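The values are calculated or read from the model by the stated rules, or taken from the named source; none is laboratory data. Remember, it's a predicted structure, so these values are computed and weren't measured experimentally. Note that each Cβ is placed from the backbone with ideal geometry, even for glycine, and that neighbours are counted across all protein chains shown. What goes into the accessible areas is simple: the full protein's heavy atoms, side chains included, and nothing from ligands, DNA or RNA. Shrake-Rupley method; radii C 1.70, N 1.55, O 1.52, S 1.80 Å.
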Protein chains: 2
Amino acid sequence: MGRTLTYPKRSSNTVNRYNNRATYDLGAIHSIINESQVLNVSFNPGPEDPFPTILPMIGQMGSFQYPSADINEPLECYLHGYVSSRIMNLARSNEGEGLPICIASSKVDGLVLSLTPNSHSYNYRSVVLHGYAKLVTDEDEKLWAMKLITNSVVADRWDNTRVPPDRAEMSSTVILRVNVVDGSGKIRSGPPGDERKDTERDDVTGRVWTGVVPVYETFGVPVASEGNQVSEVPGHIAEFITKRNEQNRALAERAARPAVGSD
Amino acid sequence: MGRTLTYPKRSSNTVNRYNNRATYDLGAIHSIINESQVLNVSFNPGPEDPFPTILPMIGQMGSFQYPSADINEPLECYLHGYVSSRIMNLARSNEGEGLPICIASSKVDGLVLSLTPNSHSYNYRSVVLHGYAKLVTDEDEKLWAMKLITNSVVADRWDNTRVPPDRAEMSSTVILRVNVVDGSGKIRSGPPGDERKDTERDDVTGRVWTGVVPVYETFGVPVASEGNQVSEVPGHIAEFITKRNEQNRALAERAARPAVGSD
C-alpha cells in the first residue's frame, strides 16, 4: 500500500463536529462512493430559484486516463443520467471548469441505543465530494464509464447483457465526469457512549437497555420476469447476491462491537 | 380517507423524465420522508463557496400546531442537529422566511435487470422537498420534536430512556422547522421493460436473464453494550425489529412483481 493520499482540508469540507470520526483518505472516501447504490447530487438550478436541489443518481469513481489507478489514487466521479435532464442541460451550458456540484452518500450500519435520547446515534459511513461536472464527449470514455457503472449495480452484468449499446441508446444516455476538488468522510462504529451522570444512576441503568441494532441491506431471492427465457439464475447474479449479503451483514455486526484492541 | 392533498407543481419540483412515476400526494411524500433513516439536506454555505453542500440529518414530518394532523395533511419537516453546526448558524442568521434548503431521500427496493444496460433500472422510492428552515425557539415545540424524532429511530424509544433531557442537553440540540413550499416523489415498481428490438431476438433472450432482485434493509440481532444492565431485549425494540423486517421485505418482494390487476 505505501503512502495514503488525502484530500486537502478547506473550509468547505473540514469536519468540525465529532472530528475524531472524520477521514480525508482517498481510499476510504472512494470506497464509500463505490458501494453506494444511489448518490445524492446537489446543484443550483439557476439564479431565480433559491433552493439548491438534490437529484438521486448512479455513479462510480474511476480514471479513464489511468485505468490501472487503484481506489487510493486520484479518481474522477462518473455519473449516469438522461440526455435532457436539468442537470445535464446545466452542465452542457456551463462553460469553463464545469457545473459546481456536491455528491453525498450515507449508509446506516446500526442503531446506537444509549441511556438518553441525546446520546443516541447511528453507526454509519458518510461522504461528501465537491467538484465540477462536465459532459463526457469522447465516445470511448463514455462507453468505458457506462460499463463501469453497469457493473457496479451487479458485478459482470455488462458482458451478460446485449451490448454494445446502439446509436439511439448511446445518444439518450449522458455521462458526467466530475473533477473532484475536495472530499471528506465520516465513519462511526462501536457501542453507545453515555455520560457518568447517567451510568452511575441505578434507576436509569436498571431500566434502559443499551446496545446496537445492526442494520444492513439484504438482496433477496431473484424474481424472474414473465418474458425471461433463461431457466437458472446465472452465476454472476447468484454470486453477487451471496457475496454482498455476507459482506453487508458482517460489516454491520462488526461495527456493533468495540474496536479490536480497544476496551 | 376522502380527498388527497397534493403539492403545487412548480418548475422546481415538476418531474419531467418518466413522469408516470411521479407523485405529488402529500401522504405518499410524507411517508417516504418518515421512513427514511437519513435525510439529505442541501444548502448554500455562502457567496464565496460555489458548491451547494449536502448534510445527512435525521428528521420527521409533523405539526406542532395541529398534533392530530395525519400524514395526508400539510405538515412541517423537523430536522435534528447540533447547536454550532454550519446549517444551524446559517438558519440562525437568516432573517425573514428562513434558510432555503432542499431535503431529499431515496430508497432502493430492487435491482431491475433487463436485456440491455440501457433499460436496467432500480425499483425505488424517492422524494424531494423544498422549503425554508428556521430554528425552533419554543421549548415545548422543541421537546415535542425531539420526542417525535427519537421515536422514529425506534418506536416508543423516548419513554424507554432517561427523559426529560436536562438543561445542557436541551441547549446543545437544535431543531430546525422547515416550512415546505413544494415537494415531489418518484416511485418505480414492477418487472423490467425491454424493447421489441431485443425481446424478438432469440440470441439475446436465450442468453440474458431478466427479472428483479429485491433489496431491503434488515435489522439484525441486537448486541448489548458492555455496561447494559437489562437482561432481556425489551419489547419495544424486539417488536420494532420484527415488524420493520417483515414490512421492508414484503415491500421489496411486492415491488418485484407486476402490479395486481395489470399484466
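Worth pointing out:
- Extreme residue, farthest from A:PRO74 (Cα to Cα), among residues of the stretch A:20-40 that are open to solvent by 50 Å² or more (accessible area, probe 1.4 Å) and in contact with a strand residue (DSSP E or B) (Cβ under 9 Å, 6 or more places away or on another chain): A:GLU35
- Selection status of B:MET57, away from every other protein chain (no Cβ under 14 Å), closer than 18 Å to B:LYS107 by Cα and modelled with pLDDT of 95 or more: no
Here's the yes/no breakdown for (1) at pLDDT 95 or above; (2) out of contact with any helix residue (DSSP H, G or I) (no Cβ under 8 Å at 6 or more places or on another chain); (3) open to solvent by 40 Å² or more (accessible area, probe 1.4 Å); (4) of a type outside the set (D, E, K, R):
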{"residue": "A:LEU99", "(1), (2), (3), (4)": "yes, no, no, yes"}
{"residue": "A:ASP138", "(1), (2), (3), (4)": "yes, yes, yes, no"}
{"residue": "A:LYS142", "(1), (2), (3), (4)": "yes, no, no, no"}
{"residue": "A:LYS147", "(1), (2), (3), (4)": "yes, no, yes, no"}
{"residue": "A:ARG157", "(1), (2), (3), (4)": "yes, no, no, no"}
{"residue": "A:ASN160", "(1), (2), (3), (4)": "yes, no, yes, yes"}
{"residue": "A:GLY185", "(1), (2), (3), (4)": "yes, no, no, yes"}
{"residue": "A:THR210", "(1), (2), (3), (4)": "yes, yes, no, yes"}
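- Condition met for B:VAL221 (touching a helix residue (DSSP H, G or I) at 6+ places or on another chain (Cβ under 6 Å), at pLDDT 95 or above and facing chain A (nearest Cβ under 8 Å)): no
- Restricting B:GLY220, B:GLY193 to residues that are small (Gly, Ala, Ser) and open to solvent by less than 40 Å² (accessible area, probe 1.4 Å) narrows the list to B:GLY220.
- Filter result for B:ASP203 (more than 21 Å from B:LEU148 (Cα to Cα) and open to solvent by 10 Å² or more (accessible area, probe 1.4 Å)): yes
- In the stretch A:249-259, residue farthest from the other protein chains (Cβ to nearest Cβ) [restricted to those that are touching a residue at least 40 places away in the same chain (Cβ under 8 Å) and open to solvent by less than 80 Å² (accessible area, probe 1.4 Å)]: A:ALA259
- Subset of the stretch A:43-91 [of a type in the set (Gly, Ala, Ser) and not in a strand (DSSP E or B)]: A:GLY46, A:SER63, A:SER68, A:ALA69, A:SER84, A:SER85, A:ALA91
- Pick from the stretch A:164-216, criterion among the hydroxyl-bearing types (Ser, Thr, Tyr) and facing another protein chain (nearest Cβ under 9 Å), ranking: nearest to the chain's Cα centre (by Cα): A:TYR216
- The lone exception for B:GLU73 - which of (1) in contact with a helix residue (DSSP H, G or I) (Cβ under 9 Å, 6 or more places away or on another chain); (2) crowded, with 17+ Cβ neighbours inside 10 Å; (3) farther than 19 Å from B:VAL174 by Cα; (4) not hydrophobic (A, V, I, L, M, F, W, C) it fails: (2)
- Among the residues of the stretch B:41-56, those identified as open to solvent by less than 10 Å² (accessible area, probe 1.4 Å) and within 18 Å of B:ARG177 (Cβ to Cβ) are B:VAL41, B:SER42, B:PHE43.
- Residue list for the stretch B:5-23, filter: in a loop (DSSP other than H, G, I, E, B) and touching a Gly at 6+ places or on another chain (Cβ under 7 Å): B:TYR7, B:ASN13
- Conditions (1) more than 9 Å from chain A (Cβ to nearest Cβ); (2) modelled with pLDDT of 95 or more; (3) farther than 30 Å from A:ARG207 by Cα; (4) open to solvent by 50 Å² or more (accessible area, probe 1.4 Å): number failed by B:SER262: (2)
- Leading residue by the ranking (farthest from A:ARG162 (Cα to Cα)) among those in the stretch A:101-134 that are open to solvent by 40 Å² or more (accessible area, probe 1.4 Å) and more than 8 Å from every other protein chain (Cβ to nearest Cβ): A:ARG125
- Only residues that are at the interface with chain A (Cβ under 7 Å from one of its Cβ atoms) and under 20 Å from the mean Cα position of the chain (by Cα) were counted across the stretch B:226-248, and they come to 1.
- On the stretch given as the stretch B:75-87, residues that are within 29 Å of A:SER36 (Cβ to Cβ) and either at pLDDT below 90 or of a type in the set (S, T, N, Q) (or both) total 5.
- Options A:PRO74, A:PRO47; residue that is more than 9 Å from chain B (Cβ to nearest Cβ), without any contact (Cβ under 8 Å) to a residue 40 or more places away in the chain and over 15 Å from the mean Cα position of the chain (by Cα): A:PRO47
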